[in-house]
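Notes for the one structure printed next.
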Amino acid sequence: MAHVTNPSRRRATAAALALLTTGLAPAVRAQERWPSRPIRLVVPFPPGGSSDVAARLLAPRLGERLGQQVVVENRPGAGGTLALGQVAKAAPDGYTLVLAAAGGLTISPSLNPNLGYDPLADLAPITGFARIPFVLVAHADLPVSRADELIALARRQPGRLTFASGGNGTAMHLGGELMKAMSETFIVHIPYRGSAPAITAVMAGETQLAVSDITSVLGKTEGGRMKVIGVMSKDRTDLAPGVPTLDETGLKGFDVSGWFAIMAPARTPQPIIARLNAEITSLIRTDEFRERFRALGMEPIPTTPEELTQMMRAELARWAAVIKRAGVKAE
C-alpha cells in the first residue's frame, strides 16, 4: 500500500524550512561581505606602551589586506581584564578584536573568580602575536652568575634573599614563584609598581634579585650595578643571543615569558577567524615586523587557533597550581 503524506504536514514542513532559510540568509550574506565596515582592535592598556605600539603597527597593514580600516581603541583598567570582559560580550561578527595579554587570559582567572568572563568559553583564539622575554637579574655584588649557583646560595640561606617584580600577581611575580617551586628554595617576593622601579630596586641593592621584561634591563648592566643571571624562556632570545637561559645553567625545564594574542568574541564565524589568522600570521612573519618588534623588545609568535588554545590551557593549569602553592592573592 502506498504511503500517503498528510498535505497539512507537508505544508508545515515546507514553511519551517523556508523560515529557517530566511533566518540564516542574512548571517550567511554578512559573512560573505565581511568586512564591510571598520574593525576595532581593542588594546587593554594605555597608549604609548609596547603592546599599544605593536597594535598600531599591525592595524594599518591588516586594514590594507582586509580592505577596511582597523581602528585601535585603548581600554585600560583592571590589569587588562576590563577590556577582555567587554570584548567577550561584544557581537561575534568579526568587527571587534582584542590584543590580549597572557595575564588576563591565563593568570587572572585564578586570582579573581569573579572576572565576568571565561577565556576559553567566551573568547575565540585567532593567533599568538608576540612574546616578551623575561630575565632574572641580580645586584652586582651577589656572588652568583648562574642559576645553579643562585639555587645553592638560596638553599644555604632560606628566606635571606629577596626578588623584586613589577607587581603582585603579575606574570613576572609568578615566574619568580615558579622558579622557587622548581628549585625548592625560599626567596621573599617584594612587589613594585612596574618593571622600572623593580630594576631600580635591584640596582640600588634594595633587593638582591629581580624578574623583569628584557626591555627594562637592556642597556642598564653597563654601569656595573646589576648583572643578568639568565633568560627565563626555554630558548635563548634573539634580543640577547649571548645570554644563556636558566634552563641551560641549572634549572632544567624552566620556561616563562610574557606574551600577547589576538582574540575575538566566542562564536565568531570560523571563516572570519581563518581569514584573520592567515592575514595576521603572514604579516608578523615578515622581516619588517620582526625588526619593528625587536625594537619593542618583542618576538613574533604566529600560531594556529588550535595551538593558541593548547597554550592557554597549559598555562591556565600551570599558573593555577603556582598561585595555590604560593598563596598569591589579588590586590
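The values are calculated or read from the model by the stated rules, or taken from the named source; none is laboratory data. Model, not experiment: these values are computed from the prediction. Methodologically, a virtual Cβ is constructed for each residue, glycine included, from the backbone with ideal geometry; neighbour enumeration extends over all protein chains shown. Side chains are part of the model used for accessible areas, which takes the heavy atoms of the whole protein and leaves out ligands, DNA and RNA. Shrake-Rupley method; radii C 1.70, N 1.55, O 1.52, S 1.80 Å.
What's the ranking of 38-46, 229-237, 255-263 by average number of surrounding C-beta atoms within 10 Å, highest first? The partial results should precede the final answer.
Working: 38-46: 19.3, 229-237: 21.4, 255-263: 24.0.
The densest-packed peptide leads the list: 255-263, 229-237, 38-46.
Could you tell me which residue out of Ala274, Met226, Leu142 lies farthest along the dipole of the chain toward its positive end? Charges go on the beta carbon: Lys and Arg +1, Asp and Glu -1, centred on the Cα centre.
Farthest towards the positive end: Ala274.
If you take every DSSP beta bridge whose two residues both sit in region 69-218, what share of them, in percent to the nearest 5, is antiparallel?
Working: 5 of 11 bridges.
Counting DSSP beta bridges with both partners in region 69-218, the antiparallel share is about 45 percent.
Computed on alpha carbon atoms, what radius of gyration and Dmax characterise region 178-331, expressed in Å?
18.1, 54
Give me the accessible area of Met182, 1.4 Å probe, in Å² rounded to the nearest 10.
Taking all protein chains as shown, Met182 has close to 80 Å².
Give, as a single signed number, the net charge of other residues whose beta carbon lies under 14 Å from the beta carbon of Thr185, with Lys and Arg counted +1 and Asp and Glu -1.
Working: positive: Arg155, Arg156, Arg160, Lys180, Arg325; negative: Asp148, Glu149, Glu177, Glu184.
Net local charge, Thr185 excluded: +1.
Quick one: plug the Kirkwood hydrodynamic radius of region 147-232 (C-alpha pairs) into Stokes-Einstein at 4 °C, 1.567 mPa s, and report D in µm²/s.
For the chosen part, D equals 101 µm²/s.
Where nothing but the Cβ of Lys and Arg (+1) and of Asp and Glu (-1) is charged, how large is the charge dipole of region 87-182 around its Cα centre, in debye to the nearest 20?
Working: 7 positive and 7 negative charges, 71 e Å.
Magnitude of the dipole: close to 340 debye.
What number in nm² do you get for region 260-331 if you take the convex hull of its Cα atoms and divide its surface by four? Could the numbers behind the result be given before it?
Values: hull surface 27.2 nm².
If I average the Cα hull's projected area over directions, I get 6.8 nm².
Starting with the highest mean, order 114-123, 53-62 by the number of other Cβ atoms within 10 Å, averaged over the residues of each peptide. Intermediate results must be reported in sequence, preceding the final value.
Numbers: 114-123: 15.8, 53-62: 19.4.
Ranking, from highest mean packing down: 53-62, 114-123.
Counting every Cα pair in the chain, what percent are over 24 Å apart?
On the way: 31748 of 54615 pairs.
When every Cα pair of the chain is considered, 58 percent fall beyond 24 Å.
What does the accessible area per residue of the chain come to in Å², with a 1.4 Å probe and no ligands, DNA or RNA counted?
Numbers: 15550 Å² over 331 residues.
Ligands and nucleic acids excluded, the result is 47 Å² per residue.
When you count, for each residue, the other Cβ atoms within 10 Å and take the mean per peptide, how do 212-221, 322-331 rank with the highest first? Write out the running numbers ahead of the final one.
On the way: 212-221: 18.8, 322-331: 13.8.
Answer by packing, highest mean first, reads 212-221, 322-331.
If you only keep lysine pairs separated by 8 or more in sequence, or across chains, how many in region 186-331 come under 29 Å at the Cα atoms? Working shown, then result.
Details: Lys220/Lys234; Lys220/Lys252; Lys227/Lys252; Lys234/Lys252; Lys234/Lys324; Lys234/Lys329; Lys252/Lys324; Lys252/Lys329.
The result is 8.
Place a +1 charge on the Cβ of each Lys and Arg in the chain and a -1 charge on the Cβ of each Asp and Glu, then give the dipole magnitude about the Cα centre in debye, rounded to the nearest 20. Please list the in-between numbers first.
Details: 36 positive and 29 negative charges, 200 e Å.
For the chain, the charge dipole is close to 960 debye.
Given a Förster distance of 56 Å, report the FRET efficiency between Ala204 and Gln270 from their Cβ-Cβ distance, rounded to the nearest 0.05. The partial results should precede the final answer.
Details: r = 53 Å, r/R0 = 0.94.
Working from the Cβ atoms, E equals 0.60.
Convex hull over the Cα atoms of region 32-188, averaged projected area in nm²? Please list the in-between numbers first.
Working: hull surface 46.5 nm².
Value for region 32-188: 11.6 nm².
Using θ = phi - 60° and the Karplus curve 6.51 cos²θ - 1.76 cosθ + 1.60, what whole-Hz ³J(HN,Hα) does each residue of region 90-106 get, with Gly and Pro shown as x?
Result, rounded to whole Hz: 6, 5, x, 10, x, 9, 9, 10, 9, 8, 8, 7, 4, x, x, 8, 10.
Between beta-carbons, use under 14 Å as the cut-off and find the net charge around Val43, counting Lys and Arg +1, Asp and Glu -1. Working shown, then result.
Details: positive: Arg40, Arg56, Arg75; negative: Asp52, Glu73.
So the surrounding residues net to +1.
With a sphere of radius 15 Å drawn around the Cβ of Thr221, what net charge do the other residues whose Cβ falls strictly inside it have (Lys, Arg +1; Asp, Glu -1)?
Details: positive: Lys220, Arg225, Lys227; negative: Asp141, Asp213, Glu222.
The answer is 0.
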